[in-house]
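To start, the structure itself, in C-alpha cells.
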Amino acid sequence: MNFWFGLLIGLKEIGAHKFRSFLTMLGIILGVASLLAMFALTEGIAQGMRERLAASGGVERVEVTYKDPSEEMQDLAFLSPGRTLADVNALRKGAPLVDLVSPQMDMVNVAISRSNKTLRLNVSGVCPEFLDIGKFELEAGRMICQADLDNVSRVVVIGAGVADELWPDNPEYIPLGEVIRINGIPYRIVGMFGFAESDYSKRKREAGISAAQEERRMRRGGKKKVKATKYDPYWQKNHAVVIPISALFFDFRTAANADASANRKIDRLSLRISDLSLFEETLYQVRSVLTRTHRGIDDFGFETREEWFDSIESSVRATRLSGSFIAGISLLVGGIGITNIMLASITERIREIGVRRAIGARQRDIFTQIVVESGVIGFIGGLLGLAAATGMIQLLILISPTENAPIITFPAVMISFGFAVGIGVLSGLYPAWKASTLDPIEALRYG
Amino acid sequence: MPLVELYDIRKTYRVGDQEIAALDGVTLSIEAGEFLAIIGPSGSGKSTLMHLLGCLDTPTSGRLVIDGVDISRASNDALSAMRNSKIGFVFQSFNLLPKFDVLRNVELPMVYAGVAAKVRRERAMEAIERVGLMNRLHNTPLQLSGGQCQRVAIARAIVNNPKIVFADEPTGNLDSHTGEAILTLFRELAASGRTIVIVTHDNTIAARLPRRIEMRDGRIRLGVEAQVSNTAPLAPIAKEGA
C-alpha cells in the first residue's frame with residue numbers, strides 16, 4: 001500500500017477524534033518537552049561554565065603553584081629560591097613547548113585613589129604576556145610593554161569596572177592619561193581593558209538592564225543575589241589593576257620593606273601551552289627547567305584546568321543522563337498511552353479492517369496503516385512537544401532567571417523529536433500486529 | 001476449463017473437542033460468464049462456501065482452483081492478491097468505509113493494487129458511472145440511501161475488473177423496490193459478460209437466476225440444480241425493477 005495513503009488515513013483518524021488524539025499525544029508532548037528542556041538547561045549550564053573557564057584563560061593555561069616540598073627535601077628547602085623572575089627567563093629560553101610565560105606579583109587590598117575617591121583592590125605587577133594569557137581585551141590605550149618593564153615606568157592599565165568606580169558620574173569616560181595613586185604613589189593610566197561579561201549578562205545588558213543597575217539593585221537588598229562576588233572571574237577581570245612587574249617590585253617590595261631583604265619572589269606564574277596535544281610533554285619540559293632553577297627542590301606544582309574542564313563535562317553528562325531518564329519515563333508512559341488508544345481504535349474498526357482485507361489488503365498493508373497512524377501521532381506530538389519546550393523554557397527563565405540561560409541546540413531538538421516519532425512507531429507495533437492478524441471473516445462479521 | 005473448480009471440498013471447524021463439518025464434500029464448477037445463485041437455509045454451509053470461493057478462507061481438504069490458481073494451499077498474501085484482482089465482494093450490509101466519500105471508497109481496491117492515482121480516479125469514475133451515481137461522488141455513505149450504498153459497493157466490487165463477483169444477500173437490507181433495482185443492476189452486469197454469484201436464502205430472487213445451487217447440511221442438494229444454458233435468455237425482469 002501507498003505510504004502517503006496510510007498517512008492520509010492516519011491524519012483523518014486523528015482529525016476525526018481531535019480531543020482524544022490530543023490526550024493521547026499529551027504524554028509524548030510532555031515527554032519531548034521535558035527532554036528538550038532538560039537538554040537546553042544542561043547545555044546552558046555547561047555553556048556558562050565553559051565561558052567562565054575560557055574567560056579565566058582556557059584549558060591551555062597552566063599555573064605553576066607553590067607546594068610544600070616532599071618530606072625528604074624539607075631540610076634543604078631553603079636552597080630553593082622559590083618562584084622568581086629567574087624561572088621566567090629560564091622557561092622562556094628552555095621550554096620551547098611553552099607559548100607564553102606570565103609572572104605576576106600581587107598586592108592585596110591596596111588603596112587606589114583619585115582626588116577624594118578611594119577603592120580597595122588588588123594590584124598586580126605583570127609582564128606584557130599577561131594580556132594574552134588572561135584573555136583580556138584592550139578597550140583603549142595600550143598594554144604594559146617591555147619598555148615599561150625596562151624603565152620601571154609608573155604606568156597602570158585598569159579594568160573597565162575600576163574606571164566606572166573612580167569616575168562614577170561618567171560611565172562612558174575613558175580615563176587615558178589620568179593619574180591615579182596606588183598606595184599614594186602616582187601612576188598614569190595608559191590603557192583600559194574592555195568590559196568582560198558572560199553572554200547571559202551581555203544579552204541582559206542589551207535588553208536594557210545594565211550590570212550597574214543590577215549591582216545597585218542588589219545593594220538595595222534585592223532578593224536575587226547571584227552576582228559579582230570576588231570569585232567571579234568576570235568581576236575579577238573588570239577590577240584588574242596592573243602595573244609593570246618591575247615597578248611593583250621597586251615601589252612596593254623594596255621600599256616598603258626597606259629593612260628586610262627585597263622579596264624577589266613572584267606570586268603567580270602562569271604558562272600557556274602552545275599545543276594541547278602535547279600537554280603532558282610540555283609539563284615535563286617545564287618541570288625539568290624549574291627543577292634546575294629550584295636547585296632540585298620540588299617546591300612547585302601545576303594547577304591545570306583539565307580537571308575543571310573534565311568536571312564540567314562529567315557533571316553535564318550526569319545531569320543529562322538523569323534528566324533523560326526521567327524524560328524517558330515520561331515518553332514511555334506516552335508510548336503506552338498511544339498503544340492503549342490504538343488498541344481501542346482498532347477494536348472500533350475491526351469491521352473496517354475486515355472490509356479492507358476482503359477487497360485485497362494484505363496483512364502488511366494493515367500493519368503499515370496502523371504503524372503509520374501511531375507514527376503520525378508521535379510526529380505531531382513531537383512537534384507540539386518542541387513548541388511546548390520552548391514555552392516551558394521561557395517560563396523557566398521568567399520564574400528563575402539565572403546566569404546560565406538554557407540553550408536549545410539542533411542535535412537536542414533532533415534527538416527529542418526522533419524519540420517522539422520512534423516511540424510513536426514502536427507503540428503502534430503491537431496494535432498493528434493484532435490488527436493485521438485478524439481473521440477477515442471474523443472481522444467482517446464483527447459488530 | 002471452468003473459471004472456478006471445486007473438488008470434494010471439506011471445511012471443518014473445531015468447537016471444543018467436537019468437529020463440525022461446515023462443508024462436507026462439495027464438488028462444483030462455475031464457468032466464466034455464469035450468473036448463479038447459491039441458496040439454502042442458514043447453517044447449510046452457503047456462507048462458508050462463499051468465503052472459500054471468495055478466497056477469504058482455505059478449505060480443510062479438497063481442491064479449489066480459481067482462474068487457474070490453486071488456492072487450496074495459497075499463502076495469506078496470495079489470497080489477498082486473489083481477492084484484490086480476481087474477486088469482487090458485495091455484502092449485505094454494504095461495508096463501505098464511513099469516513100471516505102463515494103469516490104475514495106470505490107478507489108480503495110485499486111490503492112491496494114498499486115494503481116497510480118490518476119488511473120485510479122478515471123477507473124473509479126467509470127465504475128461509478130456504471131452504477132449511476134455520478135451525482136454523489138463526494139457524499140459519504142452516511143449521506144446515501146441503502147440502495148445507493150449498495151450501488152457504491154457494486155462499483156467497488158467491479159472497479160478492479162475481477163473475474164468473478166460474489167454478492168452475499170445483496171438485497172437483504174433493502175426494501176423490495178430498491179432490492180429489485182439492485183438485482184437489475186446485477187442482471188445488466190451479467191448480461192455484459194461478468195461472472196456473478198449471489199448467495200441468498202430468498203427463493204424468489206434465486207428462482208429468476210439462470211442457475212441455482214441449493215445447499216443443505218454442508219452438501220449440494222442434488223437434482224435441484226436448474227440446468228439452464230448460459231446462452232439461454234435471462235428470466236423476465238419484474239417491471240417495477242427498472
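Since every read-out is calculated from the coordinates, none of them should be taken as a lab result. Here the structure is a predicted model, which is why all the values come from computation and not from measurement. When we count neighbours, we look across all protein chains shown, and the Cβ atoms used for this are built from the backbone with ideal geometry, even at glycine.
Summary table below
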| quantity | calculated |
| --- | --- |
| Reduced Cα scattering model of the range A:61-139, Debye log10 I(q)/I(0), q = 0.25, 0.26, 0.27 Å⁻¹ | -1.24, -1.27, -1.29 |
| Added length on full extension, which subtracts the Cα-Cα distance from 0.36 nm per residue, A:THR390 to A:LYS265 | 39.6 nm |
| Normalised contact order of chain A, rounded percent, pairs of Cα under 8 Å and 6 or more residues apart | 32 percent |
| Sites A:PHE250 and A:SER314, calculated FRET efficiency, Cβ-Cβ separation with R0 45 Å, nearest 0.05 | 0.45 |
| For the range A:271-357, Kirkwood radius (reciprocal of mean inverse C-alpha pair distance, Å) | 19.2 Å |
| For B:ALA167, distant residues with modelled amide H under 5 Å away | B:VAL90, B:VAL197, B:ILE198, B:VAL199 |
| Within chain A, helix-based [θ] at 222 nm, where runs of 4 or more DSSP H residues each add -39,500 (n - 2.57), nearest 500 | -18000 deg cm²/dmol |
| For the range A:1-112, the spread of Cα positions along each principal axis, largest first, Å | 88, 39, 38 |
| Rounded to the nearest 20 debye, dipole of the range A:316-447 from Cβ charges on Lys, Arg, Asp, Glu | 280 debye |
| Alpha carbon convex hull of the range A:297-338, volume per residue in cubic angstrom | 45 Å³ |
| Distance from the range B:141-203 to the range B:39-88 (C-alpha centre basis), Å | 20 Å |
| Among beta bridges that DSSP assigns inside the protein assembly as shown, antiparallel share in %, nearest 5 | 70 percent |
| Per-residue ³J(HN,Hα) for the range A:42-47, Karplus 6.51 cos²θ - 1.76 cosθ + 1.60, θ = phi - 60°, Hz, x for Gly and Pro | 5, 5, x, 5, 4, 4 |
| Descending principal axes extents, the range A:303-408, alpha-carbon based, whole Å | 76, 31, 18 |
| Residue among B:THR178, B:LEU108, B:ALA22 farthest towards the positive dipole end of chain B, charges placed on Cβ | B:LEU108 |
| Leading residue at positive end of dipole, chain A (Cβ point charges), from A:GLY15, A:THR437, A:GLY31 | A:GLY15 |
| Helix-only [θ]222 nm of chain B, DSSP H runs n ≥ 4, -39500 (n - 2.57) each, per residue, nearest 500 | -9500 deg cm²/dmol |
| Per-residue HN-Hα couplings for the range A:85-101 [Karplus 6.51, -1.76, 1.60; θ = phi - 60°; Hz; x = Gly/Pro] | 5, 4, 4, 4, 4, 4, 5, 4, 8, x, 10, x, 6, 8, 7, 9, 10 |
| Dipole in debye (nearest 20) - chain B, about Cα centre, beta carbon charges: Lys, Arg +1; Asp, Glu -1 | 480 debye |
| Residues of the range A:120-149 with amide N under 17 Å of a point placed 7 Å along Cα→Cβ from A:SER274 | A:129, A:132-133 |
| The range B:183-197 residues near the modelled B:THR204 label - backbone nitrogen below 15 Å, point 7 Å along Cα→Cβ | B:183-184 |
| Rough spin-label spacing in nm, given labels placed 7 Å along Cα→Cβ, for B:ASP8 and B:ALA116 | 5.0 nm |
| Cα gyration tensor, the range B:180-224 - rounded (a/c under 1.5), prolate or oblate | prolate |
| Cα convex hull of chain B, projected area averaged across orientations, nm² | 13.6 nm² |
| The range B:10-36 versus the range A:137-180: alpha-carbon centroid distance in Å | 105 Å |
| Added length on full extension, which subtracts the Cα-Cα distance from 0.36 nm per residue, A:VAL333 to A:ARG181 | 47.9 nm |
| Only Lys, Arg (+1) and Asp, Glu (-1) charged, at Cβ; chain A dipole about Cα centre in debye | 1660 debye |
| The range B:152-220 - Rg and Dmax from Cα coordinates, angstrom | 12.4, 35 |
| Quarter of the Cα convex hull surface for chain A, i.e. its orientation-mean projected area (nm²) | 30.9 nm² |
| FRET efficiency, 1/(1 + (r/R0)^6) with R0 56 Å, evaluated for A:PHE22 and B:ASP24 via beta carbons | 0.55 |
| Cα coordinate range in the range A:92-210, projected on the principal axes (Å, largest first) | 50, 37, 24 |
| Calculated P(r) tail over 25 Å for the range B:21-132, as whole % of Cα pairs | 34 percent |
